[in-house]
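Undergrad: Okay, handing you the structure first.
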Amino acid sequence: MLPADLDGLKVPRHIAIIMDGNGRWAQQRGLPRLQGHYEGRKATRRVVQACVDVKIEALSVYAFSVENWSRPLEEVEGLLELMATALEEELTDLCRNEVRLVVSGRLGEVPEELQQVIQRARRRTAENQGLVLNLLINYGGRAEISDAARAFARRVQAGEIAPEALTEQTLREYLYRPELADPDLVIRPGGEQRISNFLLWEIAYSELVYQDVLWPDYGEEHLLEAIREYSRRQRRYGGVVDTDSEADQAC
Ligand code: FPP
């Protein structure tokens, strides 16, 4: 059920989150960085639950970027292990909440064990009808666009399509998750204000909300605050605002 104060507000269909601040959260407490990621996992759980409660259609979360391999080996291994454990432990709850797991990224490059856990979780949740949880693992926005371009180029080379067939609409079909609508709202907690190679194609017209809270401290109230902020924005998509229809949409 929607919290009473969201009732009647324009709620985003697809929210995308750059989960940031785990390392600083740990450093501030004199703890190893991995401890921040363990706490970050709990925040992810809270936010998935809040999205289920608010009936968001899709949630994309940036769990591991193509750039994250450059972190110390212990942190990289710990993070990848944490994701495998979390997915296994959360699977029952994901199913109970009707959450369907999908994944974006170069999965062939992550450890075999994690690939298998992901495969199992995808299969087990495939028929679920609720929130679509899009986990970005070994993901980069530029990598995604170049993977799409390469896949398209291969079909051109094979003589299956003409180079002229390449348009924004056709290239989009080669992205990792073409079936998902573009995010309406991008949230970046952690106090930094940048995009960090996140869903570069898909967020062309998304609303951005930056929040000054470290990810392990993030909870339902922060998500609701971001949704309220979104509901006050007027989306223009490069055009002008039709104030009547905007008002209609808000009703
Ligand atoms: C960024 O914080 C966070 C990450 C690179 C990892 C995010 C992963 C999780 C929260 C685990 C989620 C688990 C599942 C199953 C989705 P940072 O380390 O860059 O923080 P800093 O900017 O303070 O250093």
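Undergrad: Please report, to one decimal in angstroms, the Kirkwood hydrodynamic radius of the chain built from all distinct Cα-Cα pairs.
TA: With all distinct Cα pairs of the chain included, I get 19.3 Å.
Undergrad: Another question, if that's okay. Which three extents, in angstrom, do the Cα atoms of segment 77-134 have along their principal axes, listed largest first?
TA: Each principal axis gives a Cα extent; for segment 77-134 these are 31, 20, 14 Å.
Undergrad: Using modelled amide H (1.01 Å from N, peptide plane; none on Pro or chain starts), what sits under 5 Å from the amide H of SER65, excluding residues fewer than 5 places away?
TA: ASN138, TYR139
Undergrad: Quote to one decimal, in nm, the extra length available between GLU74 and ALA165 on full extension: 0.36 nm per residue of separation minus the C-alpha distance between them. Don't skip to the answer; put the middle values down first.
TA: Values: separation 91, 0.36 × 91 = 32.76 nm, distance 4.55 nm.
This chain segment gains 28.2 nm when fully extended.
Undergrad: Another question, then. Please report Rg (one decimal) and Dmax (integer) in Å for the Cα set of segment 59-208.
TA: When restricted to the Cα atoms of segment 59-208, Rg and Dmax are 16.6, 49 Å.
Undergrad: Also, quick follow-up: Can you give the local net charge around GLU168? Use residues other than it whose beta-carbon is closer than 13 angstrom to its beta-carbon, Lys and Arg +1, Asp and Glu -1.
TA: With Lys, Arg at +1 and Asp, Glu at -1, the net is -2.
Undergrad: Let me ask you something else. Between segment 52-80 and segment 170-188, how many Å separate their Cα centres?
TA: Here the answer is 17 Å between Cα centres.
Undergrad: Give the residues of segment 1-41 whose amide nitrogen is closer than 15 Å to a point set 7 Å from the Cα of ARG232 in the direction of its Cβ.
TA: Residues 6, 9-10 qualify, since their backbone N sits under 15 Å from the label point.
Undergrad: For the chain, what is the accessible area per residue in Å², given a 1.4 Å probe and the full set of protein chains?
TA: Value for the chain: 52 Å² per residue.
Undergrad: A further question follows. Please find, in a Gaussian network model of the chain (springs between Cα atoms separated by less than 10 Å), the residue of PHE152, PHE198, PHE64 whose mean-square fluctuation is greatest.
TA: Comparing PHE152, PHE198, PHE64 in a Gaussian network model of the chain, the most mobile one is PHE152.
Undergrad: State the percentage of accessible surface on the chain attributable to carbon and sulfur atoms; use a 1.4 Å probe and exclude ligands, DNA and RNA. Could you put the intermediate results ahead of the total?
TA: Numbers: 6320 of 13000 Å².
Using a 1.4 Å probe with all protein chains present, the chain comes out at 49 percent carbon and sulfur.
Undergrad: I want the local charge near GLY219. Using Cβ-Cβ distances under 13 Å, sum +1 for each Lys or Arg and -1 for each Asp or Glu among the other residues.
TA: With Lys, Arg at +1 and Asp, Glu at -1, the neighbours total -3.
Undergrad: Follow-up. Per the helix-only calculation at 222 nm, which mean residue ellipticity applies to the chain, given -39500 (n - 2.57) for every DSSP H run of n ≥ 4 and division by its residues, nearest 500 deg cm²/dmol?
TA: Values: 8 runs with 110 residues, N = 251.
Theoretical 222 nm ellipticity from helices: -14000 deg cm²/dmol.
Undergrad: Additional query: How much length is gained if the chain between ASP217 and ALA126 is pulled fully straight, taking 0.36 nm per residue apart and subtracting their Cα-Cα distance, in nm to one decimal?
TA: Taking 0.36 nm per residue and subtracting the Cα distance, the gain is 29.7 nm.
Undergrad: Shifting gears a bit: ALA149 versus GLN115, label points 7 Å from Cα toward the beta carbon: distance in nm?
TA: 2.6 nm
Undergrad: Under 13 Å from the Cβ of GLU127, count the other residues' Cβ atoms, weight Lys and Arg +1, Asp and Glu -1, and hand me the total.
TA: Numbers: positive: ARG100, ARG122, ARG123, ARG124; negative: GLU98.
Taking every Cβ under 13 Å from that of GLU127, the sum is +3.
Undergrad: Once fully extended, how much extra length lies between GLU179 and GLN157, figured as 0.36 nm per residue of separation less the alpha-carbon to alpha-carbon distance?
TA: 5.4 nm
The values are calculated or read from the model by the stated rules, or taken from the named source; none is laboratory data. In this text, all values refer to a predicted model and were calculated from it rather than measured experimentally. We place every Cβ from the backbone using ideal geometry, glycine too, and count neighbours over all the protein chains shown. Remember, those area values only see protein heavy atoms, side chains included, never the ligands or the DNA or RNA. Shrake-Rupley method; radii C 1.70, N 1.55, O 1.52, S 1.80 Å.
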